């Protein structure tokens, strides 16, 4: 009986030791899993969010394409492009105006109905110097006319056109005949021109017949 009791006690001690070891192992595994979860945690997600925010800043206004216009290049009183020929862009394009000389601004004169372009801050009275940049996103299609207020008398005016192609209309249809009415020529002047041409033709025909047949008659009379 004593030997049996001893064996039972020994078995109980061994089982308890095994259970304790198993519990300890499970606790270590759980703790390790927690560390692994912490390693894969939200910190990485926050970093990704920071990159997204930086990307939004890079896109600027509407996330569309960007065009650049130089204001006063080499001290000339022009917008390039825009002064010599209009800048054509598509809706949603952001135009970045970059100052390369001093005392310029942008005053909007004409724009399509529903557009909200206000030009540089401060209106016609405020000007800006080299290094200044100004951006505006154009969403409304149509023609825009603007200028630099201090140098408008010197020809510092420009045009910008927003259309679906971002290009100037092609001349594939051929040049149309100019309407004299639009050229300031009264319509009755055409009759004067036609009458003049007819008189010239009649004079030529008369001269031809007179020289041919009149000379023959004179020659015959002389003999």
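In terms of surrounding Cβ atoms within a 10 Å radius of their Cβ, 147, 117 rank from fewest to most as 117, 147. Extension gain, residue 196 to residue 170, is 5.5 nm, computed as 0.36 nm per intervening residue step minus the present C-alpha separation. Listed by Cβ neighbour count within 10 Å, with the fewest neighbours leading, 160, 198 appear as 198, 160.
Here the spin labels are modelled as points 7 Å beyond Cα on the Cα-Cβ line, and at residue 206 and residue 152 they lie 6.0 nm apart. A full extension of the chain between residue 115 and residue 141 corresponds to an added length of 8.5 nm, given 0.36 nm per residue minus the alpha carbon distance.
Neighbour counts of other Cβ atoms within 10 Å put 97, 209, 138, 77 in the fewest-to-most order 209, 77, 97, 138.
Can you list, largest first and rounded to whole Å, the semi-axes you get for the range 66-162 by taking the square root of 5 times each eigenvalue of its Cα gyration tensor?
Ellipsoid semi-axes (Å, largest first): 20, 13, 13.
Calculate, in nm to one decimal, what residue 84 and residue 125 gain on full extension: separation in residues at 0.36 nm each, minus their alpha carbon distance.
12.2 nm
Values quoted throughout were computed directly from the atomic coordinates according to the rules given, and no laboratory measurement underlies them. Being a predicted model, the structure only gives us computed values, none of them experimental. Don't worry about glycine lacking a Cβ; one is built from the backbone with ideal geometry, like all the others, and counts go over all protein chains shown.
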